[in-house]
Amino acid sequence: MPHSHGAPRGVEQRPAAASGVADRFDQALALIPPLSSSGSGSLGPFTAGYSANATFSGGDADLIPPGTIRITDFRVDWSILLSFQFNLSDILPDFCIPRVCIHIPCVGTVCTPKICIDWPTITIPVSFADFVQATADFGLAVTQVGGVWKVDAVIQGLPNLKFGAATAAMLAAIGLAATPILLAIPFIGPFLALAVNGILALIGLAGVTGLLGPILTPFVSGLKIPVFSQPATFAVLPPAGPFDPAVTIHLDAVSAGVSGTDEDELLVSVDVSP
């Protein structure tokens, strides 16, 4: 690492072109452990609890002066376990057995009790996996934490998620999981299976993305990718002997940006002192 000779302060710059930034992002994304979350969402008239996981891989980089890194089509591979609740009362009308009343001499009118069917709520687990792609702008954030200078690329705003074609098959997967469970219900099972699959067909891809969007967007919106990390004080030359101490450098300040020259470059600049 270069350092100043005789001057109290120097400046170091580390340039990286767009191709190098893309490679760095690929490596950094690969080091991010799988992220997970849980909660609940809705798909048409149905509710579902979920647990989801996501991993990342890089795309192409475009450097935009003075401080933006645009990553196009970086990929989020996701898997989700859904626990759908089918409230049959939302599908079937209330049903009560009519009361029958008869007149008994010397007793009076006697009626059968009112009996109503309380439709149950059925829970159906469904697992599914696919990927989304997103194009996002990252800004550069410089911090010093615990004596270490860090430069991170931090996502700006909420990118638009482009779902893979296989995502549309989620409705079919839900129908396949629900059908045998519904068919097992005595008397009304076939009707319920037809009703649920009919409702799923009407929901369509827009309903699926409406469920998945709020689940997957937080994974991306909080993304932070490390670009540079260096202790504020470190040795550049080891001790040459017991009376010749190590040569150390102190980073007084760190800045980062995109330089708009003939070829845009990502620059990390540091002010150093012996």
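Annotations
- Filter result (part of a strand (DSSP E or B) and not polar (S, T, N, Q)) within the range 104-116: I104, G108, V110, C111, I115, C116
- Within the range 51-58, at least one residue is modelled with pLDDT under 85 and closer than 18 Å to A136 by Cα.
- When the criteria are applied in full, A166 meets the requirement of being closer than 26 Å to S83 by Cα, loosely packed, with under 14 Cβ neighbours inside 10 Å and in contact (Cβ under 8 Å) with a residue 12 or more places away in the chain.
- Hits in the range 51-92 - residues which are part of a strand (DSSP E or B) and of a type in the set (D, E, K, R): D60, D62, R70, D73, R75, D77
- Any hit, the range 217-239, residues being under 30 Å from F86 (Cβ atoms), part of a helix (DSSP H, G or I), in contact with a strand residue (DSSP E or B) (Cβ under 8 Å, 6 or more places away or on another chain) and touching a residue at least 60 places away in the same chain (Cβ under 8 Å): yes
- Here the condition is being exposed (fewer than 12 other Cβ atoms within 10 Å of the Cβ) and modelled with pLDDT of 75 or more; of A30, A7, it holds for A30 alone.
- Scanning the range 184-202 for residues that are surrounded by 12 or more Cβ atoms within 10 Å (Cβ to Cβ), closer than 21 Å to S127 by Cα and of a type in the set (A, V, I, L, M) yields a total of 4.
- Considering only residues in the range 107-140 that are without any contact (Cβ under 8 Å) to a residue 40 or more places away in the chain and surrounded by 12 or more Cβ atoms within 10 Å (Cβ to Cβ), the one that is farthest from I174 (Cα to Cα) turns out to be I117.
- Just one residue in the set P231, P242 is more than 21 Å from Q156 (Cα to Cα) and modelled with pLDDT of 90 or more; that residue is P231.
- Restricting attention to the range 74-106, the residues being of a type in the set (D, E, K, R) and touching a residue at least 40 places away in the same chain (Cβ under 8 Å) number 3.
- Annotation note: of A136, A153, A165, A173, the sole residue that is under 30 Å from L63 (Cα atoms) and out of contact with any helix residue (DSSP H, G or I) (no Cβ under 9 Å at 6 or more places or on another chain) is A165.
- Condition met for D77 (over 27 Å from L212 (Cα atoms), out of contact with any Lys or Arg (no Cβ under 8 Å at 6 or more places or on another chain) and among the acidic types (D, E)): no
- Elements of type strands (runs of 3 or more DSSP E) contained in the range 117-209, each with 1 or more residues being modelled with pLDDT under 85, at negative phi and β-branched (V, I, T): 121-145
- The lone criterion from (1) within 30 Å of A61 (Cα to Cα); (2) in contact with a His (Cβ under 6 Å, 6 or more places away or on another chain) left unmet by I249 is number (1).
The values are calculated or read from the model by the stated rules, or taken from the named source; none is laboratory data. Everything quoted here is computed from the prediction, not taken from an experiment. Because the Cβ atoms are built from the backbone with ideal geometry, glycine has one as well, and the counts that use them run over all protein chains shown.
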